[in-house]
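Here's the structure, in structure tokens; my notes come after.
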Amino acid sequence: MTVIDRFEGGYAVLVSESGSITIPKEQLPPEAAEGDVLIYQNDSYLINKEATAKKRRQTRSRLRKLIKGDKQ
């Protein structure tokens, strides 16, 4: 799974199981955002909307559990 970690100027830092790479921002779809899960297909990056939504739900769930744990 490749995820957009962050943007630095005109570049995007992508993170996967094998490490991280930096690519020019214009190689991504214009609507790409931090946290989006990407697919590399036919020499271009596409947003995997289903995987991105699942990852965001999991992150929100973990955050809620952490916040609840602090209040106990």
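The values are calculated or read from the model by the stated rules, or taken from the named source; none is laboratory data. It should be emphasised that the depicted structure is a prediction, and the values quoted were computed from it without experimental measurement. Don't worry about glycine lacking a Cβ; one is built from the backbone with ideal geometry, like all the others, and counts go over all protein chains shown.
So in the range 45-72, with the set limited to residues that are surrounded by 11 or more Cβ atoms within 10 Å (Cβ to Cβ) and small (Gly, Ala, Ser), which one is nearest to residue 2 (Cα to Cα)?
51
Do we have residue 68 as over 11 Å from the mean Cα position of the chain (by Cα), on the phi < 0 side of the Ramachandran plot and of a type in the set (D, E, K, R) here?
Values: over 11 Å from the mean Cα position of the chain (by Cα): yes; on the phi < 0 side of the Ramachandran plot: yes; of a type in the set (D, E, K, R): yes.
Yes; evaluated as a whole, the condition is true for this residue.
Residue 69: modelled with pLDDT of 95 or more and not basic (Lys, Arg), yes or no?
Judged against the criteria, residue 69 is not a match.
Which of the residues that make up the range 1-54 are in contact with a Ser or Thr (Cβ under 8 Å, 6 or more places away or on another chain) and polar (S, T, N, Q)?
Passing the criteria: 2, 16, 27.
Say we look at the range 9-35 and pick out the residues that are touching a helix residue (DSSP H, G or I) at 6+ places or on another chain (Cβ under 9 Å) and assigned to a strand (DSSP E or B); which of these is surrounded by the fewest Cβ atoms within 10 Å (Cβ to Cβ)?
11
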